[in-house]
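Contents: one structure, followed by commentary.
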Amino acid sequence: MSTADFWYEVGALKRTTRSGWPLARMANRESVADHSFRTAVIAMTLAATSGADPDRAATLALLHDLPEARLGDLHHLARRYLNGPKPFQQVVEDQTATLPPAAREVIRARAAEWQSRESPEALIARDADILDSILHVRESLGDRPDLQNRWLTYLAASLTTDEARSLLTEITTTDPDDWWPRAVSPPGGDGGESR
């Protein structure tokens, strides 16, 4: 296996659908790569506002689902039947075995940090993972408020950092579709610009 093989394998995450959403009978599905991208941006933002290392938090979030290129996306119910983090660590070791040593070691170190959840950046990245799911639930289940509230309650209970908890209210009170009209007509603008 070469570096190019590794990159092709990472690309499989663009075609790997997240598996938890069908349990919610949610039509708006997303790939693992879709999820990992926004999770990394959330982690970077949370880390920057909390005094943690934004680059490290973003990297942890970006790589957190890398094993799913081989294992598929395992929702929380499926994960109950695995014996701890070992399968994920083994997959990362196998995935990175033939990478150049510097690349191999940084990816393995970040994967181990994600699994340990001991650093501030790992905790932030984990909460970013949950916040992305909360955003997706808000975007996808607006027409099913009872189901949306059940998912929001379940996910919110897993948040561990003050930074993430403080943004939860903002997320749940902001309409997912309001950002773009505000972006088209910024404050002070007349809203009549040609489009």
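Suppose the filter is of a type in the set (S, T, N, Q) and under 27 Å from PRO22 (Cβ atoms); does SER158 pass it? The answer is yes for SER158. Consider LYS14 against the criteria (1) farther than 23 Å from ASP94 by Cα; (2) free of Cβ contacts under 8 Å to residues at least 40 places away in the same chain: it satisfies all of them except one. Which criterion is unmet? Unmet for LYS14, out of (1) farther than 23 Å from ASP94 by Cα; (2) free of Cβ contacts under 8 Å to residues at least 40 places away in the same chain: (1).
Screening PRO87 with (1) at pLDDT 90 or above; (2) closer than 24 Å to VAL10 by Cβ gives one miss only, at (1).
Candidates in the range 14-28 are the residues that are modelled with pLDDT under 90 and in a helix (DSSP H, G or I); of these, the one that is farthest from ASP143 (Cα to Cα) is GLY20. Taken together, ARG38, ARG25, ARG15 contain a single residue that is surrounded by fewer than 19 Cβ atoms within 10 Å (Cβ to Cβ) and under 16 Å from LEU131 (Cα atoms), which is ARG38. Residues of the range 137-144 include at least one that is within 30 Å of PRO87 (Cα to Cα) and at pLDDT 90 or above. Based on this model, can you work out whether SER133 counts as within 17 Å of SER36 (Cα to Cα) and either crowded, with 18+ Cβ neighbours inside 10 Å or not basic (Lys, Arg) (or both)? Criteria met by SER133.
Can you find a residue in the range 128-143 that is without any contact (Cβ under 8 Å) to a residue 40 or more places away in the chain and assigned to a loop (DSSP other than H, G, I, E, B)? Within the range 128-143, one or more residues are without any contact (Cβ under 8 Å) to a residue 40 or more places away in the chain and assigned to a loop (DSSP other than H, G, I, E, B).
The values are calculated or read from the model by the stated rules, or taken from the named source; none is laboratory data. Just so you know, these numbers come straight off a predicted model, no measurement behind them. Here Cβ is always computed from backbone atoms with ideal geometry, including for glycine, and neighbour counts include all displayed protein chains.
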